[in-house]
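What follows draws every value from the coordinates through simple rules; no lab data is involved. The model shown is predicted, which means the values in this text are computed figures rather than measured ones. Cβ: placed from backbone, ideal geometry, glycine included. Neighbour counts: every protein chain shown.
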Amino acid sequence: MFKIITDSACDLPRASFKQHDVDVVPLHVLIGEQEVHIATDDVAAMQSFYHELANGRTATTSQVSVGEFINAFEPYVVDNIPVFYLAFDSALSGTYASAVQAQQVLLEEHPQAQITIADSRAASCGLGMMLLDVIAQRDAGSSPEDLADWVEQHRNEYHHVVTIDNLRYLVAGGRLKPARPRLAHCSTCTPFWCCRKTAPSW
């Protein structure tokens with residue numbers, strides 16, 4: 001058996017992770033200098049968070065660090081348990097790159113380490129749906145290497161459609177392309193986000 005790990009960009013309820021024996025490495029969300037921890041199924045925390053945003057507070061995010069991935073992977077490496085990490089889309093976050101760096105560090109210290117990393121090219125519920133499919137594949141007897149191949153072959157079959165209230169956070173986060181400056185001033189527009197096979201686009 002091996003250990004499946006994902007990150008908190010995967011929007012599944014906490015009970016699902018526990019039920020399927022999946023570890024979750026948290027990305028970081030800050031309001032001001034205070035880090036907030038919000039589970040998808042924690043309605044009160046979610047409402048409080050969006051209330052802060054509606055009142056003009058600014059939220060920022062940061063990727064999982066190399067050190068945090070080392071801490072997540074190493075206990076299993078030491079116990080000779082293979083690890084499969086299903087990562088948040090590498091086009092949207094440096095989290096995947098951090099995991100790969102952690103893998104390299106651990107392989108130098110533990111040459112026998114078995115750490116397999118798959119770039120989901122997915123986010124939010126798309127990543128959650130893929131994780132559930134990966135769990136089913138694991139339970140059917142697939143190895144970490146099998147899962148990595150499966151993710152690469154099937155990840156473009158997951159379709160994402162996302163809307164948000166306005167463009168403010170897209171501009172602040174650099175998601176809105178500079179070639180579209182007029183849109184940047186249309187704060188009441190509701191963006192509609194579709195994912196292509198190669199990369200997300202507006």
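Quote the charge dipole size of segment 1-122 about the Cα centre in Debye, to the nearest 20; the model charges only the Cβ of Lys and Arg (+1) and of Asp and Glu (-1). Let's see the in-between values first.
Numbers: 5 positive and 16 negative charges, 46 e Å.
So the dipole magnitude of segment 1-122 works out to roughly 220 debye.
Run the numbers for I81 and S65: contour at 0.36 nm per residue of separation, minus the present Cα-Cα distance, in nm.
Length gained between I81 and S65: 3.6 nm.
Taking the Cβ of V22 as the centre, find all other residues whose Cβ is under 10 Å away and add up their charges (Lys, Arg: +1; Asp, Glu: -1).
The answer is +1.
How much length is gained on full extension from D139 to M46, taking 0.36 nm per residue of separation minus their Cα-Cα distance?
Answer, rounded to one decimal: 30.3 nm.
Please pull out the direction-averaged projected area of segment 1-140, using the convex hull of its alpha-carbon atoms, in nm² to one decimal place. Could you put the intermediate results ahead of the total?
Values: hull surface 35.1 nm².
Across all orientations, segment 1-140 yields a mean hull projection of 8.8 nm².
With a 10 Å Cβ neighbour count serving as the proxy for reagent exposure, in which order, fewest first, do D21, D146 appear?
D21, D146
Do any trypsin sites (Lys or Arg not before Pro) in segment 1-72 lie in a DSSP loop with no more than 13 other beta carbon atoms within 10 Å, and if so, which?
Of the trypsin sites (Lys or Arg not before Pro), the ones in loops of segment 1-72 whose Cβ has at most 13 other Cβ atoms within 10 Å are R57.
What full-extension length gain, to one decimal in nm, is calculated for A97 and W150 as 0.36 nm per residue of separation minus the Cα-Cα distance? Don't skip to the answer; put the middle values down first.
Working: separation 53, 0.36 × 53 = 19.08 nm, distance 2.01 nm.
Result: 17.1 nm gained on full extension.
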